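Remarks on the structure that follows.
The values are calculated or read from the model by the stated rules, or taken from the named source; none is laboratory data. As the structure is a prediction and not an experimental result, all values here were calculated from the model. No Cβ is skipped: glycine too gets one built from the backbone with ideal geometry, and neighbour counts run over all protein chains shown.
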Amino acid sequence: MLEARFGETLLLKKIVDALKEIISQSTLDCTETGMQLQSMDNSHVSLVALSLQTEGFEKYRCDRNVSLGLDLKSLAKVVKSASGDDAVTLTAADKADKLLLSFESDNKSRTADYELKLLNLDQDHLGIPETNYACIVQMPSSEFARICRDMSMFSESVVISCTKQGIKFSANGDMGSANIKLSDTSKGDITIDVDEPITQSFAGRYLNTFTRATPLSDRVKICLAPDVPLLVEYPIEDYGYIRYYLAPKVDE
Amino acid sequence: NRTQTSIASYFKKE
C-alpha cells in the first residue's frame, strides 16, 4: 500500500504543471525510497525524469512497489480543484486501478476526496548513463525562462555556446538575430564551470516547455557535454528534482 | 541545416 502526504497541494500543482505540457500520460513508480517518473515526449526528442525522495514528504509509506499509470491532464484537473495550502495525501492499494487523493484544509474544516482512474501504460524505461559534463551553468530559473522566451521569438533553433568567459544563447531567423551572453558573477547568482568549451544547437520550443518548472525552484542547472543530450535540472525543495534531457540538433 | 536527433539514440532501453 502507498500513502504519501504533501504538506501543500501547491507543490503537487507545480510538479503537475512542469510535466503536463511535455507528456500526457506517464507511470509514477513508487518504492520505499520515494517516487520516480520517467517519460519521453511524443516525438522522442526529450525526456523528463522526476525524483521525489521520502525526506520531503510529511508522511510516506510504501510497503510494496506500486506503479501508477497517470493521465496528467486528469491529475491536473483534480489538483486544480484544491486550494494551494491544503495538505494532500495520495493513497493506492498494492495492485491499484485507482489513486485516491484526499485534500485537507489548514484547520481540517474541509476535506475533499477524489478517486482517479489509473491507466495501464506500457512504457519503455531508458537507462541514463552517468555523464561528466563539460560545462555546468547555474543561474536564476527566472533568467533562464526569460532567455528561452526571448530566443524562441527569433528562431526554432537556439545555439548554446559555453566557454570560461560565459554562456551565450543565440538565435538566427527571418526576422533577424538575437544574442544573450551571461558571465560568472561575483554575487554568485550565475556560476559557470567549464572543462572544455562547447557549442550545441537545440529546439527552442522544448527549452521553453522545460521552463514550466520555473515555479518549482529559484535556481536551474544547465549541463552540456559533446554528443550527449542537454540536461536542465530544477531542484524540488527537500524532495529531489525534475530533470529534462533534450537531444541536440546535429549537422546533416 | 541541422537535424533533430532522437533522445532514444542516446539512452538505451533497460
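Pull out all pairs, ordered by first then second residue, where Cβ-Cβ is under 9 Å, the residues are six or more apart or on different chains, the first lies in chain B and is at the interface with another protein chain (Cβ under 7 Å from one of its Cβ atoms) and under 13 Å from A:Ser43 (Cβ atoms), and the second is at pLDDT below 95 and surrounded by 17 or more Cβ atoms within 10 Å (Cβ to Cβ).
B:Ile7/A:Leu126; B:Ala8/A:Leu126
Could you check A:Asp227 against (1) away from chain B (no Cβ under 14 Å); (2) within 25 Å of A:Val45 (Cβ to Cβ); (3) of a type in the set (Asp, Glu) and say which number it fails?
A:Asp227 satisfies every listed condition except (1).
From A:Val88, A:Val159, which residue is hydrophobic (A, V, I, L, M, F, W, C) and within 30 Å of A:Ile192 (Cβ to Cβ)? First the steps, then the outcome.
Numbers: A:Val88 fails: within 30 Å of A:Ile192 (Cβ to Cβ).
Exactly one of A:Val88, A:Val159 is hydrophobic (A, V, I, L, M, F, W, C) and within 30 Å of A:Ile192 (Cβ to Cβ), namely A:Val159.
What is the one condition in (1) within 14 Å of chain B (Cβ to nearest Cβ); (2) assigned to a loop (DSSP other than H, G, I, E, B); (3) farther than 17 Å from A:Arg212 by Cβ that A:Ile22 does not satisfy?
It is condition (3) that A:Ile22 fails.
In the list A:Gly84, A:Gly7, which residue meets the criterion of being surrounded by fewer than 18 Cβ atoms within 10 Å (Cβ to Cβ), under 24 Å from A:Val220 (Cα atoms) and modelled with pLDDT under 95? Full working, then the answer.
Numbers: A:Gly7 fails: modelled with pLDDT under 95.
Of A:Gly84, A:Gly7, the one residue that is surrounded by fewer than 18 Cβ atoms within 10 Å (Cβ to Cβ), under 24 Å from A:Val220 (Cα atoms) and modelled with pLDDT under 95 is A:Gly84.
Run A:Ala247 past the list (1) under 28 Å from A:Lys20 (Cα atoms); (2) of a type in the set (A, V, I, L, M); (3) away from chain B (no Cβ under 14 Å) and report the number of the one that doesn't hold.
Only one criterion is unmet by A:Ala247, namely (3).
Can you tell me how many residues in segment A:218-249 are surrounded by fewer than 19 Cβ atoms within 10 Å (Cβ to Cβ) and touching a residue at least 24 places away in the same chain (Cβ under 8 Å)?
Restricting attention to segment A:218-249, the residues satisfying the condition of being surrounded by fewer than 19 Cβ atoms within 10 Å (Cβ to Cβ) are A:218-219, A:225-227, A:235, A:237-238, A:241.
So of that shortlist, the ones also touching a residue at least 24 places away in the same chain (Cβ under 8 Å) come out as A:218-219, A:225-226, A:237-238, A:241.
Selection size over segment A:218-249: 7.
Report, by residue number, each residue of segment A:117-131 that is at the interface with chain B (Cβ under 7 Å from one of its Cβ atoms) and closer than 14 Å to A:Leu28 by Cβ. Steps first, please.
Keep residues of segment A:117-131 that are at the interface with chain B (Cβ under 7 Å from one of its Cβ atoms), which gives A:124-128.
Selection gives A:His125 alone.
Does A:Glu58 satisfy the criteria of being farther than 20 Å from A:Tyr245 by Cβ and touching a residue at least 40 places away in the same chain (Cβ under 8 Å)?
Numbers: farther than 20 Å from A:Tyr245 by Cβ: yes; touching a residue at least 40 places away in the same chain (Cβ under 8 Å): yes.
When the stated conditions are applied, A:Glu58 passes them.
Output the number of the condition that A:Met151 fails; it satisfies all remaining conditions of (1) in contact with a Ser or Thr (Cβ under 9 Å, 6 or more places away or on another chain); (2) surrounded by fewer than 19 Cβ atoms within 10 Å (Cβ to Cβ).
(2)
Under 6 Å between Cβ atoms, at least 6 apart or on separate chains: pull out the pairs that start in segment A:98-110 with a residue that is among the basic types (Lys, Arg) and end on any residue that is not in a loop (DSSP other than H, G, I, E, B).
Between residues of segment A:98-110 that are among the basic types (Lys, Arg) and residues that are not in a loop (DSSP other than H, G, I, E, B), the close pairs are A:Lys98/A:Glu115; A:Lys98/A:Lys117.
Within segment A:191-206, is even one residue out of contact with any Ser or Thr (no Cβ under 6 Å at 6 or more places or on another chain), surrounded by fewer than 20 Cβ atoms within 10 Å (Cβ to Cβ), closer than 30 Å to A:Thr9 by Cβ and more than 14 Å from chain B (Cβ to nearest Cβ)?
No - not one qualifying residue is present in segment A:191-206.
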